[in-house]
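Below is one structure, written out as C-alpha cells; the observations come after it.
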Amino acid sequence: MGLTGLPHNVHLEIIRHLELPDKLRLAYSCALLYKTVVPQIYSRLLYLSNDTVCRKNFDVELVSDQYTIIGKHQLANLLRALSQTSCLNFQYSDLVIELLLQDAESESKTLIEWRDHCPHFPNLVRYKFPETVVISPLSHLEAPNLETLRVDVNFCRETEKYNGMVSFVGLVQLRRLVFAGKLGPNEDMVIFKLLTTYPQAMKRLTELRFEVDSESGDRVYRRVVGVMAIWRKIGLLLNNLTKLALPLTNHSTAVILNLISKHVHLEHLTSLELFIEDDGGVLNLINTTQHLASLLKSKSQNLRELSIHYKLVKPDSDKNHLRSIMLLKLTETFKNLRKLAIDLKIEGLDLSNLLMMVGTPLSNNTASLRDFRLNIDTPSENLVGNLLSNLDDVQDLFPQLNYVYDCSCENCKRVCDKMTNLPPAIVKEAVRVSTMMIIGHELDYFQRQTDTSKPFARFFRSDLGANGYLFDHFAGSQLNSSLQAFPNLKIFEVCGLIYHRYGTDFRLLFGNPYTGLSRESESSVVEMGLVLSGTL
C-alpha cells in the first residue's frame, strides 16, 4: 500500500510532523495529497518574528501544532500566494480560517502594500494586524464570516472614514468582541455606535474581552463602565456569554460589579480573566475582590479557566501580606478549575506571600487542574532572590531539591572537587546561594522568550541553553514528586519554563538535556565559597 492508500487521519498525523518545505513537497507529489496538505498549511497562519522555532523534546500534540509558522523572510511570499489561484482552480485565501500577523510590525511596508489589494477571505473567523501599523481592518465584503471583532486604534480610525458609522464590518457571525487596551480619541462614539447599531449581534456574544496593555487600568475600567451603561440603557442581556476578561483597579467599586452581574449570567461563565492594577490603595481592591468573590461563590460551578494578572504600579512591599490575603480569598472561591494562570508583577514577595497566592488555588483544584501557569516578573529578583533569606524553610517544604553537594553525577562532583579545601558548611552555603542565582538567571532567560499577553505563542521557543538547565537538574525530582498529587495535570509552567506530562513523569517540553554548568558558572560557585570563607 502506498502513501495515498492510507486513511485521511493518518495523512493528517504525518503532516503534523513535517516541516513546511517537506509539507509542500508532499503536496505536489499527487492531487490527492495536494487536497489534503494544502488546506492544512493555509488554514491557520501565524507570523513569528523569529524564523527558528525549537522542536519539542517529545511528541505531544498541542494547539500550536495547528498553525503554519511564517517567518520574517517568508511573509512577502505568503501574502503574494494568498492572492493567487491554485492549480486546482481555488483561491488560497478561501482556505484561511485564522490570520495572525500582529507581530509583523517590522514588515509594515509589505503589509500595507498587500492590504491595498488583498483578496477576500470567505471563511476567515479571526485575524489580527499589528496595532502600531496604520492599516485598515477587513471589511464585511472581504471577510463576511468573522467571529471575532477587535476594536483597536485602526478600527477607530476606519470609523472616521465612514463618518462615524461602523457598517463597514460584518457582524453576522460575531461571537467574540475584544476591546484593545488603546483605542482612538473617538472611542466613546465608536463604542456607542457599535453597541447600539448591532444589539442582536451583541446578544450572540460568547466572549467579551477588555484588554489592558499600553493603557492604564483605570482608563480601561472606565471603558467597562461606559459599555455596561449603554447596555443597561438599551436593556441588553448577554445570555450566551461564557468567557469574560475585565480590569479591576483601586477605583473599582461593588456598584459596577453589580451592574456587570445584571448583564452577564455569572453562572454561565466557563472562563474568567482579571487584569488587576494596584497603585498602592490595596484596601479598596480588597473590598472589590471580596465582593466579586461573593458574587461568584454560588455561581462559579461552571468556571473552568481562571487567569489573574496582578500589576503593582509602584513599589509597595509593606502591603504584600494584604495582597496575598486578597488573592487567597478570591481564588478559594473556585473548586473545579481545569486551567489556572497567575501572572504577578509585584516586587518584594516572600515565601509566605507566594504560598498564600499560589498554594490555595492549587490545593483547591488538585483533582480537576490540567494546566497551571505561574509567571513572576523578573524572577531572579522577585521570585528566587526573595527566597534567599528562607532557604532552610524552602528545604523543609521541598526536601527532594537536588543541590550540587547532594548529587552523585559527575558534573556536580566536579564542582564540589574544586572546593575540597573549604569547610563543609561554607561549601553548602556557597552552593545554595549560587544555585539560586543561576536558576534565577535561567528563569529570566526563559521568561524573555514568552509573553503572557500572547497566548498563541506560548508553545514556541526560538533559542535554548546549550548545556540544558540547572533548574531542571535541581528541581525536576521535587516537581515530579509534588505534581503526583494532581492526577489530571498535563502542563506545569513557571516563568516560561514548561513541564509536560510524558507517561507518568513531567519533563521539560523545551530544553536540551542538562550536561553541567558552564565554566563561568562553575567558577562563580567556587568564587562564592572563597568569598564566604573570607579567603578572597
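Taken together, the values in this text are just the output of simple stated rules run on the coordinates, not laboratory data. No experiment lies behind these values; they were computed from the predicted model shown. Cβ atoms come from the backbone with ideal geometry, glycine included; neighbour counts cover every protein chain shown.
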Inter-site label distance for LEU322 and GLU105 at 7 Å from Cα along Cβ, in nm: 3.5 nm
THR52 to SER29: extension gain in nm, 0.36 nm per residue of separation minus the Cα-Cα distance? 5.7 nm
Subset of LYS314/LYS428; LYS262/LYS297; LYS182/LYS454; LYS345/LYS454; LYS454/LYS490 violating a 27 Å alpha-carbon distance limit: LYS314/LYS428
Amide H contacts under 5 Å for GLN91, restricted to residues at least 5 apart in sequence or on another chain and with H modeled in the peptide plane, are SER86
Using a basic spin-label model with each label point 7 Å from the Cα along Cα→Cβ, how many nm lie between LYS72 and LYS297? 5.4 nm
Estimated [θ] at 222 nm from DSSP helical runs (n ≥ 4, -39500 (n - 2.57)) normalised by residues in the chain, nearest 500: -11500 deg cm²/dmol
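How charged is the neighbourhood of LYS109? Take every other residue with its Cβ under 15 Å from the Cβ of LYS109, and add Lys/Arg as +1 and Asp/Glu as -1.
Taking every other residue near LYS109 into account, the sum is -1.
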Can you bin the range 1-133 into rounded, prolate or oblate? Criterion: square roots of the alpha carbon gyration tensor eigenvalues sorted a ≥ b ≥ c, rounded for a/c under 1.5, prolate for a/b above b/c, oblate for the rest. oblate
Within the under-14-Å Cβ sphere about ARG414, not counting ARG414, Lys/Arg +1 and Asp/Glu -1 give a net charge of 0
Mind ordering 35-42, 338-345 by average Cβ neighbours within 10 Å, highest first? 338-345, 35-42
Between beta-carbons, use under 14 Å as the cut-off and find the net charge around SER43, counting Lys and Arg +1, Asp and Glu -1. +2
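Pull out a ≥ b ≥ c, the square roots of the eigenvalues of the alpha-carbon gyration tensor of the chain, then state rounded if a/c is under 1.5, prolate if not and a/b is larger than b/c, and oblate in the remaining case.
Oblate, because a/c is 1.5 or more while a/b does not exceed b/c.
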Rough spin-label spacing in nm, given labels placed 7 Å along Cα→Cβ, for GLN400 and ASP65: 2.8 nm
Using +1 on the beta carbon of Lys and Arg, -1 on that of Asp and Glu, and nothing else charged, what's the dipole of the chain about the Cα centre, debye to 20? 1840 debye
Which FRET efficiency value, to the nearest 0.05, is calculated for LEU530 and SER216 with the Förster distance at 51 angstrom and r the Cβ-Cβ distance? 0.60
Where GluC sites (Glu not before Pro) in DSSP loops with at most 11 other Cβ within 10 Å are excluded, longest remaining stretch of the chain: 62-536
Top positive-direction residue, dipole computed over the chain with Cβ charges, set TYR502, ILE135, TYR445: ILE135
